[in-house]
Amino acid sequence: MIPVLVGYNRGDSYEAQIFEILRDKGVLKQGEKRAGAAGNKSDAVFVHNGKEYNLEIKKDETADFGQKYLRWEKNKFVWSVDDSATKLYTKCGILDFANKVESARKFHTNRIMKKKEDITEMDKYEDLKFFDMKFKIPQGDDLLAQFYNEKEVYYIQIGKHKKKTCGFYHLGSDPAGLGTREFDGYMLVRFRAKPIRSKPVHNYRLQAVLKYFPGLKPASTSEFDMEEKDSRKFPPITP
């Protein structure tokens with residue numbers, strides 16, 4: 001029985017389960033330790049034919065991908081930190097969209113308009129409720145694969161979507177030659193105000209994040225699943 005680690009959120013506990021499955025199968029990189037929720041590296045590294053491959057792990061379709069924070073500067077949204085991911089987002093028109101919508105509705109969040117020490121519970125409630133919009137990205141651009149390939153991540157394990165087993169996929173390409181299916185679920189970019197911690201009350205930020213929307217188009221069925229649910233096979237990984 002795989003232990004669930006106390007103190008981790010559900011997504012992180014799922015990462016721990018997959019990490020232990022990789023260890024039990026003998027394909028986990030030797031000496032590999034989990035990055036945890038605060039880590040900036042891949043969730044796990046598996047070894048196939050002596051080569052190492054990075055793996056992303058997500059519990060289900062509610063997971064966030066590539067979250068990036070925004071700030072208000074000179075009457076427009078800008079990225080809090082510029083990096084390869086935000087450059088990719090900007091190239092796709094995501095920042096232009098956020099600023100166009102914000103200008104059109106003339107509604108600025110309390111988090112932007114007020115000093116953090118003046119934010120109240122009602123201010124936070126309003127922002128979390130009303131700062132929520134979605135941006136449709138060209139599916140042919142495969143933004144999810146581009147985002148992870150920049151970090152040399154080419155494989156992903158997703159536990160389920162809509163209570164159905166999802167499984168193991170490659171992102172963009174299959175460099176290990178495992179014969180996996182490419183992840184092709186429908187992706188959108190969501191803008192929202194997201195709490196960081198419950199206290200202090202102003203501890204929330206404005207965020208852009210890739211989201212998987214299986215209700216619009218679920219990923220094609222994968223024959224591989226690291227949990228081996230629904231009679232699916234463990235990926236053909238040979239250390």
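The values are calculated or read from the model by the stated rules, or taken from the named source; none is laboratory data. Computed from a predicted model, the values in this text were never measured in an experiment. With ideal geometry, Cβ positions are generated from the backbone for all residues, glycine too; neighbour counts draw on all protein chains shown.
Looking at (1) closer than 29 Å to Pro218 by Cβ; (2) modelled with pLDDT of 90 or more; (3) among the aliphatic types (A, V, I, L, M); (4) not assigned by TED's automatic domain parsing to the domain that holds Glu15, which one does Ala85 not meet, given that it meets all the others?
Unmet for Ala85, out of (1) closer than 29 Å to Pro218 by Cβ; (2) modelled with pLDDT of 90 or more; (3) among the aliphatic types (A, V, I, L, M); (4) not assigned by TED's automatic domain parsing to the domain that holds Glu15: (2).
Answer with yes or no whether Glu61 is of a type in the set (Asp, Glu), at pLDDT 90 or above and under 26 Å from Leu178 (Cα atoms).
When the stated conditions are applied, Glu61 does not pass them.
So which helices (runs of 4 or more DSSP H) are wholly in the stretch 95-207 and hold at least 2 residues that are in the same structural domain as Asn54 (by TED's automatic domain parsing)?
Passing ranges, in order: 143-149.
Condition test on Glu52, is it free of Cβ contacts under 8 Å to residues at least 60 places away in the same chain and within 30 Å of Pro235 (Cα to Cα)?
Against the criterion (free of Cβ contacts under 8 Å to residues at least 60 places away in the same chain and within 30 Å of Pro235 (Cα to Cα)), Glu52 qualifies.
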